[in-house]
Amino acid sequence: MKLTIVEYPNKKLKEKSKKVEKFDKELHDLLDAMYLIMINTNGIGLAAIQVAHAKQALILNIPDENDEQHEENLIEMINPVITKMEGETVYQEGCLSVPTFYEDIKRAESLSVNYQDRDGNTKTLEANGLLSIAIQHEIDHLNGVLFIDKLSSSRRRKFEKEYKKMLKEKKKEKK
Ligand code: Y12
Ligand code: CO
C-alpha cells in the first residue's frame with residue numbers, strides 16, 4: 001500500500017475519523033504501511049487521517065534514552081478513548097503534517113487510555129511524559145484537531161504568515 005503524508009492546509013486534516021469495526025487484512029495493511037512511512041520520515045507518531053484514511057487508528061514509536069526507535073516499542077491504537085487526564089505539561093511539538101514547525105503546547109501530564117489492538121482486543125494504558133503527549137497529539141488528529149489549532153490567535157497569525165512563506169519557497173525550489 002503506497003501512502004503519502006497529507007500536509008496542512010489540506011482540508012482532509014479537519015475530518016473526523018470513523019470508528020474501526022473490522023479488524024481485517026485491510027486494517028493490518030494500513031497499519032504496516034503507516035509504520036513504514038512514519039519511520040522513513042523520522043516521525044514518532046502518526047494518525048491514519050494523516051495518510052488520508054479517516055479511521056480511528058494511530059501508531060506511536062517513542063525513542064529510547066539514546067534517541068533510537070525500536071520496532072518492539074511500536075504501539076498501535078484503534079478506537080482510543082482517554083478516560084483520565086491529570087496535571088499539566090508543556091512540550092515543543094512537531095507534526096509530519098505541518099513540516100518544519102515546532103510550537104510549545106500545553107497538555108495533560110499523564111493519562112489513562114482505553115483502546116483496541118489490531119486484532120480487536122481491548123487494552124488499557126497509563127502514560128506520562130512524551131508518550132502521554134504523543135497520545136494526546138494523535139487522538140486530536142482523529143477529531144480533526146492539529147496542534148496549531150491550540151495556539152493563541154497572535155501566535156497562530158504569525159504561524160500562518162511563516163508557513164505561507166515556507167510553502168512559497170518550497171514551490172520556488174521545485175521549479
Ligand atoms: C511529541 C509531540 C508531538 C508528537 C506527534 C508526532 N510528531 C512527529 O512524529 C513529528 C515528526 C516530524 C519529523 C520531521 O522530520 C522530517 O519530516 C524528515 C520534521 O521535520 C521537518 O518537517 C523538516 C518535523 C516533524 C509526538 C510527541
Ligand atoms: Co501530528
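A short reminder: the numbers here are calculations on the coordinates, not readings from a lab. All of these numbers come straight from a predicted model, not from anything done at the bench. All Cβ positions, even for glycine, are placed from backbone atoms using ideal geometry, and neighbour counts span all protein chains on display.
Just a few scattered comments:
- Among ASN40, ASN66, ASN114, the largest mean-square fluctuation in a Gaussian network model of the chain, built with springs joining Cα atoms closer than 10 Å, belongs to ASN66.
- Debye log10 I(q)/I(0) for the chain, one point scatterer per Cα, at q = 0.14, 0.17, 0.20 Å⁻¹: -0.76, -1.12, -1.51
- Additional length obtainable on full extension of the chain from LYS158 to ASP24, 0.36 nm per residue less Cα span: 43.9 nm
- Of all aspartates and glutamates in the structure, the ones whose alpha carbon falls short of 13 Å from that of LYS84, not counting any fewer than 8 places away in one chain, are GLU109, GLU126.
- With a threshold of 21 Å on the Cα-Cα distance, the over-threshold entries among LYS106/LYS158; LYS106/LYS164; LYS18/LYS170; LYS16/LYS174; LYS14/LYS171 are LYS106/LYS164; LYS18/LYS170; LYS16/LYS174; LYS14/LYS171.
- Cα-centred dipole magnitude for the chain, charges only on beta-carbon of K, R (+1) and D, E (-1), debye, nearest 20: 1600
- GNM flexibility winner over the chain from LYS106, LYS16, LYS161 (Cα, springs under 10 Å): LYS161
- For the chain, a Gaussian network of Cα nodes joined below 10 Å ranks ILE78, ILE39, ILE139 by mean-square fluctuation, and the top entry is ILE39.
- Shown for SER132, SER110: other C-beta atoms within 10 Å of each C-beta, ranked fewest to most, produce the order SER110, SER132.
- At full extension, ASN10 and ASP32 could sit 5.5 nm farther apart than now, given 0.36 nm per residue minus the alpha carbon distance.
- Considering only LEU130, ILE75, LEU30, and ranking their Cα positions along the charge dipole of the chain that arises from unit charges at the beta-carbon of Lys, Arg, Asp and Glu, the one farthest toward the positive end is LEU30.
- Gap separating the Cα centres of region 82-117 and region 121-145, nearest whole Å: 7
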